[in-house]
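The numbers here are math on the coordinates, done by the rules we state, and not lab data. Small disclaimer: the values here were computed from a predicted structure and weren't measured. A quick note on method: Cβ atoms are made from the backbone with ideal geometry, for glycine too, and the neighbour counts reach across all protein chains shown.
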Amino acid sequence: MDNLLCKYCLKEFQHLGSHLWHKHKVLARDYKEEFGLDYRYPLISETVKEKKQDRFEERREFYLQNLLKSGKKWYFKKGTSNRQRFSKQSVERARKNLEYIEETKGGFCPACKMKFEHLTSHLYNKHNLMFAKK
């Protein structure tokens, strides 16, 4: 099986995030921070992930329509600050990508998943990341 091990009680679960909350009253983000896991590390097994993907594909159009309707209040508004917490691994991953990105005119922000013409300015203004040239 591809179960995930709970580091508190040493039992295996397919949906570790749910177990953490119901059994230990710990949020997934706090668990990842406590044990030094990347914030993007999934707390569900591959089988659960595949089931979720299959369910989404079955009702894809319905979900996408609801997402567009209900997401309007969360759209980006000019002039707002959207700071996020990043794990040490995410910051390191971004720093490693900076050297390659700097060589090109524009670049792809690893945190936002968007392309920017002036990537270094974006990284500094949005994510407080600086690039030091050698």
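Around the amide H of GLN14, modelled in the peptide plane, lie the amide H atoms of LEU4, all under 5 Å away and 5 or more residues distant in sequence or on another chain. Compared with the direct C-alpha span, the chain from LYS25 to VAL91 gains 21.0 nm at full extension, assuming 0.36 nm per residue. Extension gain for ASN125 to LEU68 (0.36 nm times residue separation, less C-alpha to C-alpha distance): 17.7 nm.
At an R0 of 22 angstrom, the distance between the Cβ atoms of PHE116 and ARG59 translates into a FRET efficiency of 0.05.
For LYS51 and LEU10, the FRET efficiency from 1/(1 + (r/R0)^6), where r spans their Cβ atoms and R0 equals 35 Å, is about 0.90. Among the listed pairs LYS25/LYS49; LYS7/LYS126; LYS23/LYS72; LYS88/LYS113; LYS23/LYS96, which have their C-alpha atoms separated by more than 26 angstrom in this model? In this structure, LYS7/LYS126; LYS23/LYS72; LYS23/LYS96 lie more than 26 Å apart at Cα.
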